[in-house]
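Down below is the structure, laid out as structure tokens.
The values are calculated or read from the model by the stated rules, or taken from the named source; none is laboratory data. Keep in mind the model is a prediction, meaning the values are calculated, not measured. Methodologically, a virtual Cβ is constructed for each residue, glycine included, from the backbone with ideal geometry; neighbour enumeration extends over all protein chains shown. The accessibility values were calculated without ligands, DNA or RNA, using every heavy atom of the protein model including side chains. Shrake-Rupley method; radii C 1.70, N 1.55, O 1.52, S 1.80 Å.
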Amino acid sequence: MDLFKLFKKNTFSHGIHLDEYKDETNAKTTRRLPFAPELTLPLSQNTGKPAKAIVHKGQQVTRGEIIAVADGFMSVPLHSPVTGTIKAIDIAKTAEGGKQPAIIITTALSSGQHLLTSDIRNDYLQISREELIQAVQNTGMVGLGGAAFPSHVKMKIPADTNIHTVLINGCECEPFMTTDHRVMLERVEQLLHGIRIAMKCVAAPKAIIGIEDNKLDVLHAIEPHLPTDGSITIKAIITKYPQGAQKMLAYALLGIEIPSGQRSSSVGLAIFNVATLAKIGALLPANQGLIERIVTITGDNIAHPGNYLIPFGTPLSFLLEHVGFKGEEASLILGGPMMGMAVRSLDMPTTKATGTVLILDERATKRDDILPCIKCSRCLQACPIHLNPSELGLLAAQRQYDVMEEKYHLKDCFECGCCSYVCPSNIPLVQYFRIAKVLNRERHLQDG
Amino acid sequence: MAKSDLKIDIRTSPYIRKAPTVAQIMRNVVYALVPLVIYAVYQFGISALALVIITTLSCMLTEHFFCKMSAKKSTITDASAVITGLLLAMTLPPGFPLWMGAIAGFTAIAMGKTLFGGLGFNVFNPALVGRAFIQAAFPVSITTWTPALATDRFVEFIPSTLALPFMKPLPTADWTAQVALDGFSGATPLALMKFQGIMTDTYDLFFGTIAGSTGETSSLLILICGFYLVYRKMLDWRIPAAVLFGTAISAEFFYFMDPTKYPSPGFMVCSGGLMFAAVFMASDMVASPVTPLGIFVFGCLVGFLTVIIRLFGGLTEAVMYAILFGNAATPLIESYTQPRIYGARKQAKDK
């Protein structure tokens, strides 16, 4: 018997404890913001192939109507978030960087914005796995955790793989973010529907919802609704960053390590974000498409921080106006402060991947000198993958990117940023690693 | 809100950071050394105080000078040079001539730090480089010990302290005989053990009522200062722990073989500045390993070498050489002790 397992706490080793900054928004019930007068919907809002537009300029569309179809298996359709008129199909700036083709819709302000509805289907658990996965694809569902990976692709498990457990990630370990927290409190029934759909798709007999122990109210809210047969359980694990990473979650909940370079399915796990499954649980029975999501808008100089239901394509400037942002200089971040992405302009729209809009002033904009590494080993004690960021950083400075990959496991870094967070010398370690990974990828492509 | 009014700052994640700065870490080490300096001055009087001031000033000025020379921003404010100066003074005899102390400070920074590229790039602990240099240059002065708690220590310098540069220091034997309390031999516990087979009581070693280098006599005080640093999370406790463990295990081996011939582990751990070296010298972040296993190997190596040099070498300054060897071995140790990454063992099994 493994003695260490006996004393194992419900967490992973290493990682960091962050200030949470969740009190501003975590008790605020989700509210809907008004519709923006114009929405910009990039055709590529998911990992994989962009959707193909099937509308033309001047066409009237109804809220919930399909405006772009999936282009292959690694793609999902796009539904119109509003009733209105197609203004253009044009190139637009996106938060993900660069310019991409997008459908621009003028909102019909006189319309009541009624959602296109069809009959509620209650037979979705009776249909075959293939049909169910197809139905998930039709909803345009992507992982709402941030990566926007098409959900149906994740549900398509290879024939030779056996999934024993579905893990539902309700950790939301990044500071400031509270959307998952709200979903778990407000959408329990939908979440359980979604979990059953996922279990059916991957043929797993068991599901575990993992939450961090700073959200115990969720535990109390969900527990009474769980099935009595024990097939779906909920477990609180220690609050620590990056607990929400797949590898960390698998280890904290089950003591299972996902082997380096392999997917979670190789150890019999399918891992989904709570918000994703709750949304599937709502959309699938109603035969609807994904058109909006809950977004936490929070940070400095905001009069009304909170959790808002926001249609995709809403410009950031519109959002900030409505939450009463007042400030002159700031970092504008889509996502959390640890792994989010800074955006350059307020013209950009929210997409399926936008779960948090965070504004930070001096906290983020203050710049300190970068000093030499003093080998204090804090980064080693923080890295959840047990890499050696100190050595990797020194190698990056020497441009020894191949050594970083071959000897120091650069590929296993999932860019959580713990090393940069704790570095006394202000070395932007995780940024070095991102650059090194990109350069290595290019080199491999050239080498064939 | 007019869109054009907002100045957007672009950078990469993480956008928040929370870490003590390098200067904060260094300053905390300085704070931890202050009680030792005070105790040293209490024990040895104004000579010790003068020595501390001279070595520290020498280190700081050297650092400043080389920064100016290479047209870099002066790194004098990060307090790392202050640490080197304090550490150096703590390892020298209290009556060490001041001009030699100044040279020691210069060598420590110039050869131990600047030569390698400054903070973060030194292979060896700079203070020990300085000490090793003057150990070779001034072997007599560095092994001349004076008694603690002399009556006039606060009004009178130890004669050797004020020796003129490149002149032979005044012999301290007469002075020592004059102020010595009862039969002070001028020998440190290690020398007594090594050359005369006399064991000093571990109790005296622990509380520091003995002859020895300026700041390394009281194991208890050093431990307290060490705990402060660990508490503030400014010191990786594993390094001193590994060094003490390595020393104790190695000493225990010999003690077990022949307790009449070899000293006990307790004596070994508490004598000759080992405690000081373990807490403040071996733990020099820059020159010690960062990997968990590497730290353990490093500590054991330092402890083992200390015991071997003490028992079989011709010198008593064992721990200094042991740490310098350990520093030299650090890159090698590190390259063989990379941590097992998450998910790696399972993969190996699969193959």
Fill in: Meets criteria (β-branched (Val, Ile, Thr), assigned to a helix (DSSP H, G or I), within 28 Å of B:TYR228 (Cα to Cα) and open to solvent by 10 Å² or more (accessible area, probe 1.4 Å)) for B:ILE249
yes
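With the structure loaded, tell me whether A:ASP217 is among the charged types (D, E, K, R) and in contact with a Leu (Cβ under 8 Å, 6 or more places away or on another chain) or whether it fails that test. Don't jump to the end; show me each part of the working.
Values: among the charged types (D, E, K, R): yes; in contact with a Leu (Cβ under 8 Å, 6 or more places away or on another chain): yes.
For A:ASP217, the condition - among the charged types (D, E, K, R) and in contact with a Leu (Cβ under 8 Å, 6 or more places away or on another chain) - is met.
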Discussion item. For the range A:119-140, check the following and say yes or no: at least one residue is in a loop (DSSP other than H, G, I, E, B), among the acidic types (Asp, Glu), closer than 30 Å to A:THR233 by Cβ and in contact with a strand residue (DSSP E or B) (Cβ under 8 Å, 6 or more places away or on another chain).
Written reply: no
Worksheet entry | Filtered residue count, the range A:415-427, keeping only those that are at the interface with chain B (Cβ under 7 Å from one of its Cβ atoms) and open to solvent by 10 Å² or more (accessible area, probe 1.4 Å) | 3
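When the range A:308-323 is examined, which residues are found to be free of Cβ contacts under 8 Å to residues at least 40 places away in the same chain and more than 11 Å from chain B (Cβ to nearest Cβ)?
As a first pass, look at the range A:308-323 and keep what is free of Cβ contacts under 8 Å to residues at least 40 places away in the same chain: A:317, A:320-321, A:323.
Passing the criteria: none in range.
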Discussion item. Looking at the structure I just gave you, is A:PRO349 at the interface with chain B (Cβ under 8 Å from one of its Cβ atoms), in contact with a Pro (Cβ under 6 Å, 6 or more places away or on another chain), surrounded by 24 or more Cβ atoms within 10 Å (Cβ to Cβ) and on the phi < 0 side of the Ramachandran plot?
Written reply: no
Discussion item. Is it the case, given these coordinates, that B:PHE298 is crowded, with 23+ Cβ neighbours inside 10 Å, within 30 Å of A:LYS407 (Cα to Cα) and not charged (D, E, K, R)?
Written reply: yes
Discussion item. Tell me whether the range B:312-320 contains one or more residues that are open to solvent by less than 20 Å² (accessible area, probe 1.4 Å), within 13 Å of chain A (Cβ to nearest Cβ) and under 22 Å from B:PHE227 (Cβ atoms).
Written reply: no
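Which one of B:ASP204, B:ASP258 is out of contact with any helix residue (DSSP H, G or I) (no Cβ under 9 Å at 6 or more places or on another chain) and away from chain A (no Cβ under 14 Å)?
B:ASP258
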Item to complete: Output the number of residues of the range A:352-394 satisfying the condition of being farther than 22 Å from B:SER283 by Cβ, of a type outside the set (A, V, I, L, M, F, W, C) and touching a Ser or Thr at 6+ places or on another chain (Cβ under 7 Å).
Response: 3
Practice prompt. Would you check which residues across the range A:98-111 are part of a loop (DSSP other than H, G, I, E, B) and without any contact (Cβ under 8 Å) to a residue 12 or more places away in the chain and list them?
Written response: A:GLY98, A:SER110
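Anything in the range B:4-33 that is in a helix (DSSP H, G or I), facing chain A (nearest Cβ under 7 Å) and surrounded by 16 or more Cβ atoms within 10 Å (Cβ to Cβ)? List them, or say none. Give the steps one after another, and end with the answer.
Just the residues of the range B:4-33 that are in a helix (DSSP H, G or I), to begin with: B:4-5, B:22-33.
Still in the running and facing chain A (nearest Cβ under 7 Å): B:5, B:22, B:25.
Residues satisfying the conditions are B:VAL22, B:ILE25.
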Fill in: Extreme residue, nearest to the chain's Cα centre (by Cα), among residues of the range A:392-414 that are open to solvent by 40 Å² or more (accessible area, probe 1.4 Å) and within 8 Å of chain B (Cβ to nearest Cβ)
A:HIS409
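I need a count of the residues in the range A:70-87 that are more than 18 Å from A:LEU33 (Cβ to Cβ) and either surrounded by 19 or more Cβ atoms within 10 Å (Cβ to Cβ) or among the basic types (Lys, Arg) (or both). Walk me through it before giving the result.
Our first condition is that a residue be more than 18 Å from A:LEU33 (Cβ to Cβ); within the range A:70-87, this holds for A:70-79, A:85-87.
Okay, now just the ones that are also either surrounded by 19 or more Cβ atoms within 10 Å (Cβ to Cβ) or among the basic types (Lys, Arg) (or both), so A:70, A:75-79, A:86-87.
Looking only at that region, the number is 8.
Looking at the range A:214-232, which of its residues are surrounded by fewer than 17 Cβ atoms within 10 Å (Cβ to Cβ) and either under 22 Å from the mean Cα position of the chain (by Cα) or not in a loop (DSSP other than H, G, I, E, B) (or both)?
Scanning the range A:214-232 gives A:LEU216, A:ASP217, A:LEU219, A:HIS220, A:ALA221, A:GLU223, A:PRO224, A:HIS225.
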Discussion item. Could you go through the range A:112-126 and let me know if any residue there is over 18 Å from A:ILE291 (Cβ atoms) and crowded, with 17+ Cβ neighbours inside 10 Å.
Written reply: yes
Worksheet item: Looking at the range A:246-263, which of its residues are open to solvent by 20 Å² or more (accessible area, probe 1.4 Å), within 10 Å of chain B (Cβ to nearest Cβ) and under 19 Å from A:GLY143 (Cβ atoms)?
Response: A:LYS247, A:GLN262
Fill in: Single unsatisfied condition, B:ARG340 versus (1) within 14 Å of chain A (Cβ to nearest Cβ); (2) in contact with a helix residue (DSSP H, G or I) (Cβ under 6 Å, 6 or more places away or on another chain); (3) open to solvent by 30 Å² or more (accessible area, probe 1.4 Å)
(2)
Discussion item. Which residue is most open to solvent (accessible area, probe 1.4 Å), if the candidates are limited to the range A:17-51 and must be under 20 Å from the mean Cα position of the chain (by Cα) and either farther than 22 Å from A:ALA353 by Cβ or among the hydrophobic types (A, V, I, L, M, F, W, C) (or both)?
Written reply: A:GLU20
